[in-house]
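The values are calculated or read from the model by the stated rules, or taken from the named source; none is laboratory data. Worth saying up front: this structure is predicted, and the values here are computed from it rather than measured. Note that we place each Cβ from the backbone using ideal geometry, even for glycine, and neighbour counts take in every protein chain shown. Only protein heavy atoms, including side chains, enter the accessible area calculation; ligands, DNA and RNA are left aside. Shrake-Rupley method; radii C 1.70, N 1.55, O 1.52, S 1.80 Å.
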Amino acid sequence: MSQRYVIRPTVPEDSQALLDLLSDTPQEGSIQLNFERQPNYFYATYIGTSDPDLWVMEDTQEKIIVGAFSIGKRNVFINGVPQAVRYASDLRIHRSQQGGRALYRMFKHYKEQTKDEWMQTVILEENKASMDTVSSGRTASLLIIPRGDIAPI
């Protein structure tokens with residue numbers, strides 16, 4: 001029996017499914033930030049990271065992408081020293097999977113891929129779903145760092 005949900009690296013053929021997932025899962029709040037991705041999801045990949053690492057969670061029974069995240073690297077200054085650090089972004093979970101185990105599966109996969117590497121992310125204050133997730137303990141390995149301690153190069 002094959003596994004129903006598979007987390008795998010993206011391939012160029014995922015572009016349209018990723019565009020659909022992005023448009024079906026807008027961020028909460030009065031401000032929405034998205035890089036223009038049309039006509040190809042991957043066009044904006046190098047804007048946020050210099051070393052992309054994009055993943056999808058695929059429902060192999062329904063043959064659809066139900067989740068996506070990016071954990072690429074970008075150079076930042078940490079205590080005045082430039083260092084390549086993981087940057088988590090573009091987390092999207094299909095509405096049919098929200099509230100289920102999709103987020104847990106994706107964070108588990110992230111931990112398996114990155115071991116003990118540092119990761120940073122940006123969450124807008126009005127993005128209640130993401131803020132609740134970070135503060136809930138479901139992502140126990142996340143550490144909130146005050147603004148200004150890490151700066152992009």
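Values computed for the structure shown
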| item | result |
| --- | --- |
| Approximate spin-label separation Thr60-Tyr104, in nm, with each point projected 7 Å along Cα-to-Cβ | 2.0 nm |
| Distant-in-sequence amide H partners of Leu91 (H built 1.01 Å from N, under 5 Å) | Ser70 |
| Largest-first ordering by accessible area, 1.4 Å probe, given options Glu117, Glu62 | Glu62, Glu117 |
| Rounded to whole Hz, the Karplus (6.51, -1.76, 1.60) HN-Hα couplings of region 56-66, x for glycine and proline | 10, 10, 10, 8, 6, 6, 7, 6, 9, 8, 10 |
| Note, ³J(HN,Hα) from phi for region 8-16, Karplus 6.51, -1.76, 1.60, rounded to Hz, x at Gly and Pro | 8, x, 5, 10, x, 5, 7, 3, 5 |
| Net lengthening on full extension, Gln16/Ser30 (0.36 nm per residue, minus Cα-Cα) | 2.4 nm |
